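Just below is one structure, and these are the notes that go with it.
The values are calculated or read from the model by the stated rules, or taken from the named source; none is laboratory data. This structure is a prediction, so every number in the text was calculated from the model and none was measured. No Cβ is skipped: glycine too gets one built from the backbone with ideal geometry, and neighbour counts run over all protein chains shown.
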C-alpha cells in the first residue's frame, strides 16, 4: 500500500503526510463518535481498528512519532469505548456523574479536535 521511501524523507514531506493523516484521523474520530451516539459499538470498533492498521502501515514507511502516537491513542480509545454501558460499580448507573460514557465521548471528541489542526497538544509539559 505504501511506497518504499528512501532513508531521506525530508521534514517538509513528513509534516505534510502527518498533517494529512491527522486530518483523516480527526474525521475517523468524529465518525466513530457518531457510531457511539447511535450505540453501534461494532461499527465504531471496526472503524478504529481499520484506521489504526492504516496508521501502523504509514508509521512503518515514515517512522513518525506523531503517527505512532495517534495509533496508540486510538487503541486506548477503543478499549475505553468497549466498556461503554458496562457497570463496573454500583455507582455506574446511567444517571451517575462518574459514569464512563460521558468521559469516553468527551475524550474521543477532544482527540478529534486536537487532530483537526496543525498544532499538537503536549500533555507532558507543565506550564
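Per-structure values
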item: Sole residue being under 11 Å from the mean Cα position of the chain (by Cα) and farther than 19 Å from residue 109 by Cβ, chosen from 72, 48, 67; result: 67
item: Some residue of the stretch 95-113 being surrounded by 13 or more Cβ atoms within 10 Å (Cβ to Cβ), part of a loop (DSSP other than H, G, I, E, B) and modelled with pLDDT of 65 or more; result: no
item: Restricting the stretch 1-18 to residues that are surrounded by fewer than 13 Cβ atoms within 10 Å (Cβ to Cβ) and at pLDDT 65 or above, the residue that is nearest to residue 54 (Cα to Cα); result: 16
